[in-house]
Ligand SMILES: *Cc1c(COP(=O)(O)O)cnc(C)c1O
């Protein structure tokens with residue numbers, strides 16, 4: 001019998017729970033972001049009705065056409081794809097969390113817009129891991145500079161780091177990249193006052209989220225394992 005979104009969501013949540021247990025971490029520490037890019041509002045609604053509270057989209061324009069069609073109390077939208085500066089204003093209006101801040105210019109622009117619009121947006125700094133082909137992501141050195149810029153931001157709230165592991169043959173091969181991101185976060189937090197520590201690590205996708213959880217992920221971004229493959 002064909003699996004429903006609800007069945008697949010349950011399976012993913014069970015796997016998250018098992019990975020958390022292996023790592024000796026509480027399940028509650030891990031937020032599942034259901035990545036709904038390319039999926040239609042009715043399918044997204046099905047996921048929300050099955051209990052999803054966090055949704056991820058990678059393009060501002062696509063999200064703009066879908067967000068108002070999805071109903072649910074307490075649903076949060078995450079921008080996980082590259083953000084062009086001409087879409088920054090709309091992104092601040094639409095999203096609760098922006099995972100892809102990867103330059104000082106973008107950080108400053110988003111902060112200016114967020115304060116103009118009086119929007120409390122949370123941001124993560126996206127760090128390039130290995131030589132993954134994605135357009136976005138700062139080098140570690142650049143990431144430290146972006147973090148500095150965000151530390152003097154008036155409105156944006158810097159919550160953590162995001163990374164995409166390079167495409168590899170097996171999930172286990174992602175582990176060193178996840179570890180690298182975790183170590184960078186620890187380095188940043190070293191000597192930071194308690195109340196300003198970074199706490200979110202957005203890493204792990206359908207193919208490798210369990211490894212990411214073992215390595216400390218607090219947000220996993222899972223698309224195909226919930227919604228089925230993208231055509
Ligand atoms: C598409 C996408 C995902 C989800 O990928 P799946 O392999 O379908 O789980 C996660 N993160 C980012 C940044 C993406 O673009």
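The values are calculated or read from the model by the stated rules, or taken from the named source; none is laboratory data. All values reported here derive from a predicted model rather than from experimental measurement. Neighbour counts run over all protein chains shown; Cβ positions are idealised from the backbone, glycine included.
Would you mind stating whether residue 93 is under 18 Å from the mean Cα position of the chain (by Cα) and either assigned to a loop (DSSP other than H, G, I, E, B) or farther than 21 Å from residue 218 by Cβ (or both)? So residue 93 fits the description; yes. In the set 86, 13, only one residue is part of a helix (DSSP H, G or I), more than 16 Å from the ligand (Cβ to nearest atom) and more than 20 Å from residue 164 (Cα to Cα); that residue is 86.
Quick check: is even one residue across segment 111-128 in contact (Cβ under 8 Å) with a residue 40 or more places away in the chain and either within 15 Å of the ligand (Cβ to nearest atom) or on the phi > 0 side of the Ramachandran plot (or both)? Within segment 111-128, one or more residues are in contact (Cβ under 8 Å) with a residue 40 or more places away in the chain and either within 15 Å of the ligand (Cβ to nearest atom) or on the phi > 0 side of the Ramachandran plot (or both). Within segment 34-63, the residues that satisfy the criterion of being more than 12 Å from the ligand (Cβ to nearest atom) and assigned to a helix (DSSP H, G or I) are 41, 42, 43, 44, 45, 46, 47, 48, 49, 60, 61, 63. Pairs linking a residue in segment 82-93 that is at negative phi to a residue that is surrounded by 19 or more Cβ atoms within 10 Å (Cβ to Cβ) and at pLDDT below 95, with Cβ atoms under 6 Å and 6 or more positions apart or on different chains, are 82/136. A single entry from 163, 191, 204 fulfils the requirement of being out of contact with any helix residue (DSSP H, G or I) (no Cβ under 8 Å at 6 or more places or on another chain) and without any contact (Cβ under 8 Å) to a residue 60 or more places away in the chain: 191. Taking the conditions (1) away from the ligand (no atom under 16 Å from the Cβ); (2) part of a helix (DSSP H, G or I); (3) in contact with a helix residue (DSSP H, G or I) (Cβ under 6 Å, 6 or more places away or on another chain) in turn, residue 66 satisfies each one other than (1).
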